[in-house]
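For reference, the structure discussed in these notes is given below.
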Amino acid sequence: MTLREACLYGQRRLEEASVPDADVDAWYLLEYSSGCTRSHYYAYPEEELTQEQEKSFQERIEKRAKRIPLQHITGVQEFMGLPFFVNENVLIPRQDTEVLVEEVQKRLRPGMRFLDLCTGSGCILISLINGCPGVEGTGSDVSWKALEVAERNRKRLEPGAKLIQSDLFSEIQGDFHIIVSNPPYIKRGEISELMEEVRLHDPLLALDGHEDGLYFYRRIVTESPAYLKKGGSLYFEIGHTQGEVVAQMLEEQGFCEIEIVKDLAGLDRVVRGTYPE
């Protein structure tokens, strides 16, 4: 099988399985299996794969055809320019979440301490420390399986990050200039309607926001003042329909300077508020 034949085979197989962006995923799996770059592919499309490369590529195409996420097959997802290891125990970092990181970066300064609740893969925690040297960041998660993934990313990308197993604030000590969180926010009744890649392969614990999707926002908004420095800020990623209600929660808890930030698609994506001096 040549490089061209492999790419076409992969695309057709994924299209048969109704995989979105079949051509893109086929290319990524060919690149991952063969080590071939795009420039090499266009220069030598008739180059033949080795038997080992062909077998590896076909096996990975079959996994993707079963709607196993591409990132679970390759084990990598880029986020804020960094390559994060991911598996079935954490949510795959999404581009939407980069909006949250960018908003926090506007206020984060060297010497500040911040807390990342529901850290998952550690992508928010590690990206913030990487983007602002001199800050002290702690990530917490209730899932030890998720923390194993975060620990692997911490060792490889940002050894200065700290991790702790905690049910939100249950094991947290001290106070912070900033608390940031991308908590589970899918309504329990809507989980069955999600894409197969999410519904069948992402951890339920990281999706389930209980009946109305707002359970964790309520807890964090209520409990966070005890862990925020005066004048500190709380940042959330939200579902695109949750902006106004989460902003109202912050207002009722006494937060000020409340802001809803949209993502690149023009949808509500981040809510922030400041705990008053």
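The values are calculated or read from the model by the stated rules, or taken from the named source; none is laboratory data. Just so we're clear, the structure is a prediction, and the values are computed from it rather than from any experiment. When we count neighbours, we look across all protein chains shown, and the Cβ atoms used for this are built from the backbone with ideal geometry, even at glycine.
Just one residue in the set VAL261, VAL221 is assigned to a helix (DSSP H, G or I) and either within 26 Å of PRO93 (Cα to Cα) or hydrophobic (A, V, I, L, M, F, W, C) (or both); that residue is VAL221.
Can you name every residue in the range 112-128 that is under 11 Å from the mean Cα position of the chain (by Cα) and either farther than 14 Å from GLY160 by Cβ or at pLDDT below 95 (or both)? CYS118, THR119, GLY120, SER121, CYS123, ILE124 - these are the residues of the range 112-128 that are under 11 Å from the mean Cα position of the chain (by Cα) and either farther than 14 Å from GLY160 by Cβ or at pLDDT below 95 (or both). Residues of the range 110-132 that are assigned to a loop (DSSP other than H, G, I, E, B), crowded, with 24+ Cβ neighbours inside 10 Å and either among the small types (Gly, Ala, Ser) or outside the structural domain of LYS155 (by TED's automatic domain parsing) (or both): GLY120, SER121, GLY122. State yes or no: is GLU136 at pLDDT 95 or above, of a type in the set (Asp, Glu), more than 12 Å from the chain's Cα centre (by Cα) and assigned by TED's automatic domain parsing to the domain that holds ASP268? Taking the combined requirement at face value, the residue satisfies it.
Per this entry, ARG107 is not counted among residues that are over 16 Å from the mean Cα position of the chain (by Cα), in contact (Cβ under 8 Å) with a residue 60 or more places away in the chain and within 17 Å of LEU29 (Cβ to Cβ).
Scanning the range 94-105 for residues that are modelled with pLDDT under 95 and more than 19 Å from TYR217 (Cα to Cα) yields ARG94, GLN95. Is at least one residue of the range 211-229 buried (at least 20 other Cβ atoms within 10 Å of the Cβ), in contact with a helix residue (DSSP H, G or I) (Cβ under 9 Å, 6 or more places away or on another chain), polar (S, T, N, Q) and assigned by TED's automatic domain parsing to the domain that holds GLN95? The answer is no; no qualifying residue exists.
Being aromatic (Phe, Trp, Tyr), in contact (Cβ under 8 Å) with a residue 24 or more places away in the chain, part of a helix (DSSP H, G or I) and in contact with a helix residue (DSSP H, G or I) (Cβ under 8 Å, 6 or more places away or on another chain): is that true of PHE57 here? Working first, answer last.
On the way: aromatic (Phe, Trp, Tyr): yes; in contact (Cβ under 8 Å) with a residue 24 or more places away in the chain: yes; part of a helix (DSSP H, G or I): yes; in contact with a helix residue (DSSP H, G or I) (Cβ under 8 Å, 6 or more places away or on another chain): yes.
Answer is yes for this residue.
Contact annotation: residue pairs with Cβ atoms under 6 Å, 6 or more positions apart or on different chains, pairing a residue in the range 147-172 that is farther than 21 Å from GLY81 by Cβ and in a loop (DSSP other than H, G, I, E, B) with a partner that is small (Gly, Ala, Ser) and modelled with pLDDT of 95 or more, are SER166/SER140; ILE172/SER166.
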